[in-house]
Amino acid sequence: MTDTTTPTDASSNGAVQGAPPAPGFRILVQYVRDLSFENPKAPESLRVEGKPAIDLGVEMNAQGRPDGLFEVDLKLSIKATAENTPVFHVELVYGGLFQLTGVAEKDIEPMLLIECPRYLFPFAREVVAKATADGGFYPPFMMDPIDFAGIYTQRQAQIARAPNEVGQA
């Protein structure tokens, strides 16, 4: 008895030829689309005692392009205040250009609004940390990880409730 092997394509890391590609994405490029940093009370704001109150806003947006690629934007808004006085305000739109492969139609939206932002987040976090450090804050502001799946689920629940709320009004 002889062993037989299934031919594989060396360029696909051992995947069987003719098999559909495994679902996934490639990031082709990532970039800062927009960045704003304000330190309106400098230099007094640099002497704040204790931790300032942080108001963090997160938005994810995605859109398809005619070339079959997808643009994904992660928008972060961070406002820090101490005793009702602004300390700093950072707004960042960090984007990426993604190519999806083997993703079922029903899974495209979750991939674009959960997995792609999850990939972009560490880089956006570093931009925010550098901006606050360059603004004179030490230690720089380091955002905690964000639950993009939770945000997506909450957004889907709001969309599902919206028609019912309109009908009741």
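The values are calculated or read from the model by the stated rules, or taken from the named source; none is laboratory data. Being a predicted model, the structure only gives us computed values, none of them experimental. With ideal geometry, Cβ positions are generated from the backbone for all residues, glycine too; neighbour counts draw on all protein chains shown. Surface areas here come from the heavy atoms of the whole protein model, side chains and all, with no ligands, DNA or RNA. Shrake-Rupley method; radii C 1.70, N 1.55, O 1.52, S 1.80 Å.
Consider the range 84-108 and keep the residues that are in a strand (DSSP E or B), of a type in the set (A, V, I, L, M) and at pLDDT below 95. The one that is farthest from PRO52 (Cα to Cα) is LEU100.
Scanning the range 73-83 for residues that are at pLDDT 90 or above and either more than 24 Å from VAL32 (Cα to Cα) or in contact with a helix residue (DSSP H, G or I) (Cβ under 8 Å, 6 or more places away or on another chain) (or both) turns up LEU74, LEU76, ILE78, THR81. Selection of the range 70-85 for residues being in contact (Cβ under 8 Å) with a residue 40 or more places away in the chain and crowded, with 16+ Cβ neighbours inside 10 Å yields PHE70, VAL72, ASP73, LEU74, LEU76, ILE78, ALA80. Residues considered: PHE88, PHE25. Of these, the only one that is among the aromatic types (Phe, Trp, Tyr), open to solvent by less than 40 Å² (accessible area, probe 1.4 Å), touching a strand residue (DSSP E or B) at 6+ places or on another chain (Cβ under 8 Å) and under 26 Å from ARG118 (Cβ atoms) is PHE88.
Among the criteria (1) open to solvent by 80 Å² or more (accessible area, probe 1.4 Å); (2) modelled with pLDDT of 95 or more, the one PRO20 does not fulfil is (2). More than 24 Å from ILE151 (Cβ to Cβ) and open to solvent by 80 Å² or more (accessible area, probe 1.4 Å): does that describe LYS41? Considered against the rule, which asks whether it is more than 24 Å from ILE151 (Cβ to Cβ) and open to solvent by 80 Å² or more (accessible area, probe 1.4 Å), LYS41 comes out as yes. For the range 96-113, the criterion of being in contact with a Phe, Trp or Tyr (Cβ under 8 Å, 6 or more places away or on another chain), surrounded by 17 or more Cβ atoms within 10 Å (Cβ to Cβ), of a type in the set (Val, Ile, Thr) and under 30 Å from LYS41 (Cα atoms) is satisfied by no residue at all.
Number of residues in the range 37-54 that are over 13 Å from TYR138 (Cα atoms) and within 29 Å of the chain's Cα centre (by Cα) equals 6. Within the range 116-130, if we keep just the residues that are open to solvent by 10 Å² or more (accessible area, probe 1.4 Å) and either in contact (Cβ under 8 Å) with a residue 12 or more places away in the chain or among the hydroxyl-bearing types (Ser, Thr, Tyr) (or both), the residue that is farthest from PHE148 (Cα to Cα) turns out to be VAL127.
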